[in-house]
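Undergrad: Once you've had a glance at the structure underneath, I'll fire off some questions.
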Amino acid sequence: MTPTQHGSTQHGSASSRRDFIRGLSAAGLAASGCSSGPERPPNILFLLTDDQRADALGCAGNSIIQTPNVDRLAEQGVLFENSFVTTSICAVSRASFLTGQYARTHGIHGFGVSLTAEQHAASYPALVRAAGYRTGFIGKYGVGRELPEDQFDYFKGFAGQGRYFNKVDGRQVHLTEMMGGQALEFLEGCTDETPFCLSISFKSPHVQDREAPYFLNDPAYDGLYEDITIPPAAKSDPAVHAALPAFLRDDYEGRIRWERRFGTEERYQESVKRYYRLIRGVDAQVGRIMEALRERGWDDNTVVIYT
């Protein structure tokens, strides 16, 4: 990649992340004083959603969901159509994003283990910060219970799952919108002279565990998809479940959760529509952030990665 704008959307983690970050760090070190101009290294914007299906984007072929801003990134950049997460457990995958390592190397296999000081020093935020970047982290940190607030220039991360509705200036604000506002606040603190690396880790479209109706979208999108019937998932046919081995049929946590959220036609329609609304909320914040970059003239020198 060259230091011009690249809107990159992925269906999973890319294998070349470590080489890519190493190249960016080298670019930062080569740019003496990180001055503006042709030698200035690119800004980096890393956008991560939680539990988003590979086909839940318009650019991925979904004809129902509305994601115009992410679709625009794909149209203007590169869409990875055959990319895979290496370990789909949330905390393990996040550790892999941060370090560029497989789980067998970074050794984090559960939710309670944090990166060591040495691992964090070799993570992409620490590497680019050492190369002269202003760094920020917003949203679900998700690796261990300790938050590395002092390792970033701007930190609005949270431990655990977080909650979708929060009081901000006396009004209830959806978490996705709140995070978009924090992103704009971070950008306001950036300058033309210093490149930035901002990582935004959305909770959306993850469920709010044990809190029906689970997919708690911003009420601003309540009317979206109301006049549409979502087609049934191909493998939701009861015969498919009946054909599974017993240990996957009986008292299996995945099936229990599926029944709770999608077990009837009415529940299925409500849950998928709410899920799509959560993603639409993320897309709106992507548009908001990209507009802020355009206003500052930074969109042509920012690498944008959405995964």
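Only the coordinates and a few stated rules stand behind these numbers; no lab work does. Keep in mind that this is a model prediction, so the values were computed, not measured. Using ideal geometry, Cβ is built from the backbone for each residue, glycine included, and neighbour counts are taken over all protein chains shown.
Undergrad: From the list LEU175, LEU187, which one is surrounded by fewer than 21 Cβ atoms within 10 Å (Cβ to Cβ), touching a residue at least 24 places away in the same chain (Cβ under 8 Å), closer than 30 Å to VAL128 by Cβ and of a type in the set (A, V, I, L, M)?
TA: Working: LEU175 fails: surrounded by fewer than 21 Cβ atoms within 10 Å (Cβ to Cβ).
Result: LEU187 is the single residue among LEU175, LEU187 that is surrounded by fewer than 21 Cβ atoms within 10 Å (Cβ to Cβ), touching a residue at least 24 places away in the same chain (Cβ under 8 Å), closer than 30 Å to VAL128 by Cβ and of a type in the set (A, V, I, L, M).
Undergrad: For region 66-79, what are the residues that are farther than 17 Å from ASP51 by Cβ and buried (at least 16 other Cβ atoms within 10 Å of the Cβ)? Full working, then the answer.
TA: In the first step, residues of region 66-79 are kept if they are farther than 17 Å from ASP51 by Cβ; the result is 66, 68-69, 71-79.
GLN66, ASN69, ASP71, ARG72, LEU73, ALA74, GLY77, LEU79 - these are the residues of region 66-79 that are farther than 17 Å from ASP51 by Cβ and buried (at least 16 other Cβ atoms within 10 Å of the Cβ).
Undergrad: I'm checking my understanding of the structure. Among residues of region 143-153 that are over 21 Å from HIS109 (Cβ atoms) and in contact (Cβ under 8 Å) with a residue 12 or more places away in the chain, which one is surrounded by the most Cβ atoms within 10 Å (Cβ to Cβ)? First the steps, then the outcome.
TA: In the first step, residues of region 143-153 are kept if they are over 21 Å from HIS109 (Cβ atoms); the result is 149-153.
Among the residues that remain, those that are also in contact (Cβ under 8 Å) with a residue 12 or more places away in the chain are: 151-153.
On the way: GLN151: 17, PHE152: 22, ASP153: 18.
Ranking the candidates gives PHE152 first.
Undergrad: Could you tell me which of the residues LYS156, LYS140, LYS167 is free of Cβ contacts under 8 Å to residues at least 40 places away in the same chain, closer than 16 Å to LEU48 by Cβ and not polar (S, T, N, Q)?
TA: Working: LYS140 fails: free of Cβ contacts under 8 Å to residues at least 40 places away in the same chain; LYS167 fails: closer than 16 Å to LEU48 by Cβ.
Answer to the check: LYS156.
Undergrad: Pick from region 193-202 the residues that are assigned to a loop (DSSP other than H, G, I, E, B), in contact with a strand residue (DSSP E or B) (Cβ under 8 Å, 6 or more places away or on another chain) and not β-branched (Val, Ile, Thr): which of them is surrounded by the most Cβ atoms within 10 Å (Cβ to Cβ)? So that I can check it myself, show each step before the final result.
TA: Initially, region 193-202 is screened for residues assigned to a loop (DSSP other than H, G, I, E, B), giving 193-195, 202.
This time we only want the ones that are in contact with a strand residue (DSSP E or B) (Cβ under 8 Å, 6 or more places away or on another chain), so: 194-195, 202.
Retained after the next criterion (residues that are not β-branched (Val, Ile, Thr)): 195, 202.
Values: PRO195: 28, PHE202: 25.
If we take residues in region 193-202 being assigned to a loop (DSSP other than H, G, I, E, B), in contact with a strand residue (DSSP E or B) (Cβ under 8 Å, 6 or more places away or on another chain) and not β-branched (Val, Ile, Thr), then PRO195 is surrounded by the most Cβ atoms within 10 Å (Cβ to Cβ).
Undergrad: If you go through region 285-307, how many residues are within 27 Å of SER63 (Cβ to Cβ) and either of a type in the set (A, V, I, L, M, F, W, C) or part of a helix (DSSP H, G or I) (or both)? Don't jump to the end; show me each part of the working.
TA: Going residue by residue through region 285-307, those that are within 27 Å of SER63 (Cβ to Cβ) are 285-291, 304-307.
Next cut, either of a type in the set (A, V, I, L, M, F, W, C) or part of a helix (DSSP H, G or I) (or both) only: 285-291, 304-305.
Result for region 285-307: 9.
Undergrad: Can you name the residue in region 178-192 that is in a loop (DSSP other than H, G, I, E, B) and touching a strand residue (DSSP E or B) at 6+ places or on another chain (Cβ under 9 Å) and, of all such residues, is farthest from LYS203 (Cα to Cα)?
TA: Residues of region 178-192 in a loop (DSSP other than H, G, I, E, B): 189-192.
Those left that are additionally touching a strand residue (DSSP E or B) at 6+ places or on another chain (Cβ under 9 Å): 189-191.
Working: GLY189: 24, CYS190: 25, THR191: 28 Å.
If we take residues in region 178-192 being in a loop (DSSP other than H, G, I, E, B) and touching a strand residue (DSSP E or B) at 6+ places or on another chain (Cβ under 9 Å), then THR191 is farthest from LYS203 (Cα to Cα).
Undergrad: Checking the structure you have, find out if any residue of region 87-96 is surrounded by 14 or more Cβ atoms within 10 Å (Cβ to Cβ), closer than 23 Å to GLN285 by Cα and small (Gly, Ala, Ser). Before the answer, list the steps.
TA: Our first condition is that a residue be surrounded by 14 or more Cβ atoms within 10 Å (Cβ to Cβ); within region 87-96, this holds for 87, 89-96.
Subset that is closer than 23 Å to GLN285 by Cα: 90, 94.
Still in the running and small (Gly, Ala, Ser): none.
Scanning region 87-96, I find no residue that is surrounded by 14 or more Cβ atoms within 10 Å (Cβ to Cβ), closer than 23 Å to GLN285 by Cα and small (Gly, Ala, Ser), so the answer is no.
Undergrad: Among the residues of region 78-100, count how many are in contact with a helix residue (DSSP H, G or I) (Cβ under 9 Å, 6 or more places away or on another chain) and in contact (Cβ under 8 Å) with a residue 60 or more places away in the chain.
TA: Of region 78-100, the ones in contact with a helix residue (DSSP H, G or I) (Cβ under 9 Å, 6 or more places away or on another chain) are 79, 81, 85-87, 89, 92-93, 95-100.
Filter again for in contact (Cβ under 8 Å) with a residue 60 or more places away in the chain, leaving 79, 81, 85-86, 93, 96-97, 100.
Summing the residues that are in contact with a helix residue (DSSP H, G or I) (Cβ under 9 Å, 6 or more places away or on another chain) and in contact (Cβ under 8 Å) with a residue 60 or more places away in the chain in region 78-100 gives 8.
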